[in-house]
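The values are calculated or read from the model by the stated rules, or taken from the named source; none is laboratory data. Keep in mind that this is a model prediction, so the values were computed, not measured. Note that we place each Cβ from the backbone using ideal geometry, even for glycine, and neighbour counts take in every protein chain shown. Accessible surface areas use protein heavy atoms only, side chains included; no ligands, DNA or RNA. Shrake-Rupley method; radii C 1.70, N 1.55, O 1.52, S 1.80 Å.
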Amino acid sequence: MTHQIAQDVSFNFVPRAYRPSKPRTTGLTEIRAPYYSTFGTRHLQDVFDVAGPWVDGIKWAGGSFALVPPEQVKKFSDIAHDNGSYVSSGGWIETVLRYGNDAVDQYLKEAKDVGFDTIEISTGFIMLNTTGLLRLVEKVTQAGLKAKPELGIQVGSGGDSGEAELAAESMKDIGDLTDRAKRCLDAGADIIMIESEGITENVDEWNTGAAASIINSVGLENVMFEAADGPVFEWYIKNYGNEVNLFVDHSQILQLEGLRQNIWGNKSTWGRVINPAP
């Protein structure tokens, strides 16, 4: 039987699956900052007022912060930090890399200035070899930031390409992904982000075997899956429990957390998510 949780929530007399308080090392929920949905600091503060205990980090997707005044980006970071959450750059370094090492150094400097904690190192569009990726991991960590390589099996992933466009591209080997992930972790990476394209997004059938191979080879605690679709994050919780690390849209926090705590679900998840308190 699961029990009450330590967080200050309504109706805590109803037993639920255990969830540790922040800062957590597993069961992380990272949410999307303004991108598909444009919102400001007042909205973000509302999100934290309502669901702050369940938000571990925020991620700026698609370089959207490069379209926002720096003082506003810094305010987003301040709100996140005030609520015990980290701030991730998203994978915009793919754009910066095209302009050389000096641009990367300036990018990391400004990232620290606006309060970023984590630099996501995406490789969906660019052909970055493993040694180059490892050098980037080291450069990020030496700058005093956390490195978060983003790896995937679909060439061209990470943008807004359609299913037909991606189908015309090649698929990467899952063994190469897991090898690169482990080498990145050895080089000092904090965690590995896994692209959803080719696994649960823009595919005719979900490649659940790829997710299993990644978890079995790299470790559940060392990876975070993109899962900004209700059926997708429900599948991860149903198959890997409430300690799987997931990236979702900010509108989905409570829906996901309800699954993690076993207070709601559908016929395939109802009452099945169990995590006894330590």
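Below are the figures for this structure:
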{"quantity": "Elements of type helices (runs of 4 or more DSSP H) contained in segment 39-112, each with 2 or more residues being of a type in the set (D, E, K, R)", "calculated": "41-51, 70-82"}
{"quantity": "Residue among 203, 218, 248, 223 that alone is in contact (Cβ under 8 Å) with a residue 60 or more places away in the chain and of a type in the set (A, V, I, L, M)", "calculated": "248"}
{"quantity": "Of all residues making up segment 113-135, the number that are within 17 Å of residue 150 (Cβ to Cβ) and part of a loop (DSSP other than H, G, I, E, B)", "calculated": "9"}
{"quantity": "Single condition residue 209 does not satisfy, out of (1) part of a helix (DSSP H, G or I); (2) more than 30 Å from residue 9 (Cα to Cα); (3) under 19 Å from the mean Cα position of the chain (by Cα)", "calculated": "(3)"}
{"quantity": "Filtered residue count, segment 244-263, keeping only those that are in a loop (DSSP other than H, G, I, E, B) and either open to solvent by 80 Å² or more (accessible area, probe 1.4 Å) or within 18 Å of residue 199 (Cβ to Cβ) (or both)", "calculated": "3"}
{"quantity": "Selection count, segment 90-101, where residues are over 22 Å from residue 224 (Cα atoms) and open to solvent by less than 60 Å² (accessible area, probe 1.4 Å)", "calculated": "4"}
{"quantity": "Odd one out for residue 60 among (1) closer than 19 Å to residue 225 by Cα; (2) open to solvent by 60 Å² or more (accessible area, probe 1.4 Å)", "calculated": "(2)"}
{"quantity": "The listed residue being free of Cβ contacts under 8 Å to residues at least 12 places away in the same chain and closer than 22 Å to residue 140 by Cα, out of 86, 107, 99", "calculated": "99"}
{"quantity": "Residue in segment 215-230 that is of a type outside the set (Ser, Thr, Tyr), open to solvent by 50 Å² or more (accessible area, probe 1.4 Å), under 28 Å from residue 141 (Cβ atoms) and assigned to a helix (DSSP H, G or I) present", "calculated": "yes"}
{"quantity": "Subset of segment 208-227 (residues that are farther than 18 Å from residue 179 by Cβ and out of contact with any Asp or Glu (no Cβ under 7 Å at 6 or more places or on another chain))", "calculated": "208, 221, 225, 227"}
{"quantity": "Residue among 87, 68, 55, 50 that alone is open to solvent by 20 Å² or more (accessible area, probe 1.4 Å), hydrophobic (A, V, I, L, M, F, W, C) and within 15 Å of residue 32 (Cβ to Cβ)", "calculated": "68"}
{"quantity": "Hey, residue 109 surrounded by 14 or more Cβ atoms within 10 Å (Cβ to Cβ), modelled with pLDDT of 85 or more and not β-branched (Val, Ile, Thr) or not", "calculated": "no"}
{"quantity": "Selected residue [more than 14 Å from residue 151 (Cβ to Cβ) and either part of a loop (DSSP other than H, G, I, E, B) or charged (D, E, K, R) (or both)] from 274, 237, 199", "calculated": "274"}
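Condition check ((1) surrounded by fewer than 16 Cβ atoms within 10 Å (Cβ to Cβ); (2) within 16 Å of the chain's Cα centre (by Cα); (3) hydrophobic (A, V, I, L, M, F, W, C); (4) more than 30 Å from residue 139 (Cα to Cα)) across all residues:
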site: 182; (1), (2), (3), (4): no, no, no, no
site: 204; (1), (2), (3), (4): yes, no, no, yes
site: 239; (1), (2), (3), (4): yes, no, no, yes
site: 265; (1), (2), (3), (4): no, no, no, yes
site: 271; (1), (2), (3), (4): yes, no, no, yes
